[in-house]
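Derivation of every value follows stated rules applied to the coordinates shown; laboratory data play no part. Worth saying up front: this structure is predicted, and the values here are computed from it rather than measured. Every residue, glycine as well, gets a Cβ built from its backbone with ideal geometry; the counts of neighbours run over all protein chains shown.
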Amino acid sequence: MKPTTNNETPLSYDQYLSLYKDMATNLDLKGYQKTEDNTVTPYLIQIDPQVSFNKREFMTKTGEQTTESTQARIVFKKSDDGTIVYIDFIYLDKIIGNNLFYSDVSSKTTVSNPNVSKYNTDILGFKNLLIKVTLISSNENPISKEQQHFVDKHVVEFLAAANSGK
């Protein structure tokens, strides 16, 4: 893996919201229809502080009860087979760089369990954001790497264009 250079400036919270709203409005996934986003009403998620190492009680910028949620979601549904795509934006206060940080792998459990093979997720990093891309099959067919790659590629291209100011 190439070393990450941390000479980038993190996105401000307002830039994060703007990028999220831009993607929610303009990301075009051929064959998919956007069915949901939370551009109007942000999520307010309360958690047990112990699962955040006692750093927060809410999934917000300050960790307190505010409207500055650090999570946002866009949902797409494929018109021909009902495959669902969740694109989750997660705001962080530190630069992590632009990279693919996690990609689901097949295991004995995945291969032998048809329900597990109908779910796949990748996690991308973009500046100080995590972008979690999850595909869920709503029929008996497993999610293929090609399906995941198609969505991931469109998300990366969108982020790259946003980064270059296009």
Residue check, GLN33 assigned to a helix (DSSP H, G or I) and exposed (fewer than 15 other Cβ atoms within 10 Å of the Cβ): no
Residues within the stretch 62-92 that are touching a strand residue (DSSP E or B) at 6+ places or on another chain (Cβ under 7 Å) and not in a strand (DSSP E or B), tallied: 8
In the stretch 99-138, the residues that are without any contact (Cβ under 8 Å) to a residue 40 or more places away in the chain, in contact with a helix residue (DSSP H, G or I) (Cβ under 7 Å, 6 or more places away or on another chain) and surrounded by 12 or more Cβ atoms within 10 Å (Cβ to Cβ): THR110, VAL116, SER117, ASN120, ASP122, LEU124, PHE126
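Tell me which residues, restricted to the stretch 131-160, are hydroxyl-bearing (Ser, Thr, Tyr) and within 15 Å of ILE87 (Cβ to Cβ).
Within the stretch 131-160, just THR134 meets the criteria.
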